[in-house]
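Trainee: The structure is given below, and queries will be raised subsequently.
The values are calculated or read from the model by the stated rules, or taken from the named source; none is laboratory data. Predicted, not measured: the structure shown is a model, and the values here were computed from it. Here the Cβ positions follow ideal geometry from the backbone for every residue, glycine too, while neighbour counts run over all protein chains shown. For accessibility, only protein heavy atoms count, side chains too; no ligands or nucleic acids. Shrake-Rupley method; radii C 1.70, N 1.55, O 1.52, S 1.80 Å.
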Amino acid sequence: MAPNRYLAAVVRHDIMAPWIARLADAGLSRAALVPDVLAVPVPEPGQWSVDLAHGRARVRTDDGTGFAVAAALFETAWETAGR
């Protein structure tokens, strides 16, 4: 993102293990995994970019980070963030 500034993701091992197995089965054991929320555009300062589909909200924040939440919880996340 910038000098000495990096995005990192954290995933529980029991969640990620099946992903790795599927990649290996497809002959893609060295493929890089990127969180899908990073496909949402970075918004203007003070805003969020949101992709709402299939019962899930993918949110990208103005600092380049992001998160995903069940659609039913999106309004709570929005209000908690003071947006």
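Trainee: 5 Å is the cut-off here: which amide hydrogens, built 1.01 Å from N in the peptide plane, fall below it relative to Asp62, excluding neighbours closer than 5 in sequence?
Mentor: Gly46, Gln47
Trainee: What is the percent carbon and sulfur in the accessible area of region 6-83, measuring with a 1.4 Å probe over the protein chains and ignoring ligands?
Mentor: Numbers: 3340 of 5840 Å².
Looking at region 6-83 in its full context, I get 57 percent from C and S.
Trainee: Given a 10 angstrom Cα cut-off, can you work out which residue in Ala70, Ala17, Ala53 is the most mobile in a GNM of the chain?
Mentor: Judging by the Gaussian network model, the answer is Ala17.
Trainee: Right, here's the next one. So how exposed is Val34, as accessible area in Å² (1.4 Å probe, rounded to 10)?
Mentor: 100 Å²
Trainee: Moving on. As a check on your grasp of the helix formula, calculate [θ] at 222 nm for the chain: sum -39500 (n - 2.57) over DSSP H runs of n ≥ 4, divide by the residue count, round to the nearest 500.
Mentor: Helix contribution divided over all residues of the chain: -8500 deg cm²/dmol.
Trainee: Shifting gears a bit: Amide H neighbours of Arg56 under 5 Å, counting only residues 5+ apart in sequence or on other chains, H built in-plane at 1.01 Å?
Mentor: Close amide H contacts, sequence-distant or interchain: Ala71.
Trainee: Sticking with this structure for a sec: Note the angle between two axes, namely the Cα long axis of helix 13-25 and the longest principal axis of the Cα atoms of the chain, as a number of degrees from 0 to 90, rounded to the nearest 10.
Mentor: Tilt of helix 13-25: around 50 degrees.
Trainee: Could I ask something else about it? Which one, Asp36, Asp51, Asp25, has the greatest fluctuation when you compute a Gaussian network model over the chain with C-alpha springs under 10 angstrom?
Mentor: Asp25
Trainee: What fraction of the DSSP beta bridges in the chain is antiparallel, stated in percent and rounded to the nearest 5? Present the calculation step by step, with values, prior to reporting the outcome.
Mentor: Numbers: 12 of 12 bridges.
For the chain, the DSSP antiparallel bridge percentage is about 100.
Trainee: What whole-number value in Å² describes the accessible area per residue of the chain for a 1.4 Å probe?
Mentor: I get 77 Å² per residue for this part.
Trainee: Taking the Cα centre of the chain as origin, sum charge times position over the Cβ atoms of Lys and Arg (+1) and Asp and Glu (-1), and report the length of that vector in debye to the nearest 20.
Mentor: For this selection, approximately 260 debye.
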